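Reviewing the structure listed below.
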Amino acid sequence: MQAMSDKIKVLVVDDHNILRVGILSLLAEAEDIEVVGEAADGQEALEKLATLQVDVILLDLVMPRLDGLQVIKELKRMHCPARVLVLSSFDDEDRVFAAIQGGALGYLVKNTPAAELIKAIRAVAKGSSYLPPDVQDKLIHKLSQAERPEEPPIKLTQRELEVLKLLGKGFSNREISERLFISENTVFGHVTNILNKLGLESRTQAALYAIRNGLVEIKISPK
């Protein structure tokens, strides 16, 4: 059994009490996850974060006092290390794009199966992105409507550009290492450099940057 100190510490933020109770009950079944707090709105969530050690914030978007997008913006200002996984009733392009662009690592809708929610929490806790195919399509479609700059404003090395293009195609570090014949550690170093140079916070943001700047071909999954 996993030690208590190794558990993923989660803060559940949603203004619907019944839903919060259900999520708490669901997450209690996962041995590697511990719910350390809950909040009924964004303002309460920020107050709880002042005293709690949290790895993942499971965050609703539409809430009183302070909504989810405002919370994400405030977390960035605070340099909060907790990672955000959005769990929302809405998955329209504007909300999805704003949440991911703001710094959320994952985005799920509330009818997501329990097993997928737990899988997403585990992925986000490790710093990985978690976006179901339909959510990825909404992001890509949103970006396809935006005007592309003539060239990326930040200069990357040729190798960093190759890595960025593969990030834009959704490849993992292992897959990138196999395609470029370099080690995973080297890929990790390139990804870190890319994020630092571009002022980005996650692989997902890097992938969006690649798509926005025309570095990868935009494809939307067939319905």
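Points worth noting:
- Phe90 meets all of the listed conditions (1) in contact with a helix residue (DSSP H, G or I) (Cβ under 8 Å, 6 or more places away or on another chain); (2) outside any helix (DSSP H, G or I) but one, namely (1).
- Flag for Ile18 being outside any loop (DSSP other than H, G, I, E, B), hydrophobic (A, V, I, L, M, F, W, C) and under 16 Å from the mean Cα position of the chain (by Cα): no
- Matching residues in the stretch 118-131 - criterion: being open to solvent by 40 Å² or more (accessible area, probe 1.4 Å), in contact (Cβ under 8 Å) with a residue 12 or more places away in the chain and in a helix (DSSP H, G or I): Arg122
- Candidates Arg83, Arg65, filtered to the one that is on the phi > 0 side of the Ramachandran plot and touching a helix residue (DSSP H, G or I) at 6+ places or on another chain (Cβ under 9 Å): Arg65
- Residues satisfying the stated conditions in the stretch 79-117, i.e. open to solvent by 60 Å² or more (accessible area, probe 1.4 Å), touching a residue at least 12 places away in the same chain (Cβ under 8 Å) and closer than 20 Å to Leu52 by Cα: Arg83
- Residue that is surrounded by the fewest Cβ atoms within 10 Å (Cβ to Cβ) [pool: residues in the stretch 30-48 that are of a type in the set (Asp, Glu) and either part of a strand (DSSP E or B) or free of Cβ contacts under 8 Å to residues at least 60 places away in the same chain (or both)]: Glu31
- Conditions (1) closer than 27 Å to Asp94 by Cβ; (2) open to solvent by 30 Å² or more (accessible area, probe 1.4 Å); (3) among the basic types (Lys, Arg); (4) in contact (Cβ under 8 Å) with a residue 12 or more places away in the chain; number of the one not met by Arg20: (2)
- Among (1) modelled with pLDDT of 95 or more; (2) among the hydrophobic types (A, V, I, L, M, F, W, C); (3) open to solvent by 10 Å² or more (accessible area, probe 1.4 Å), the one test that Val56 misses: (3)
- Residue within the stretch 166-179 that is among the charged types (D, E, K, R), open to solvent by less than 60 Å² (accessible area, probe 1.4 Å) and modelled with pLDDT of 90 or more present: no
The values are calculated or read from the model by the stated rules, or taken from the named source; none is laboratory data. Given the structure is predicted, the values throughout are model-derived calculations rather than measurements. Positions of Cβ are backbone-derived with ideal geometry, glycine not excepted, and every protein chain shown enters the neighbour counts. Ligands, DNA and RNA are excluded from the accessible area calculation, which covers all protein heavy atoms including side chains. Shrake-Rupley method; radii C 1.70, N 1.55, O 1.52, S 1.80 Å.
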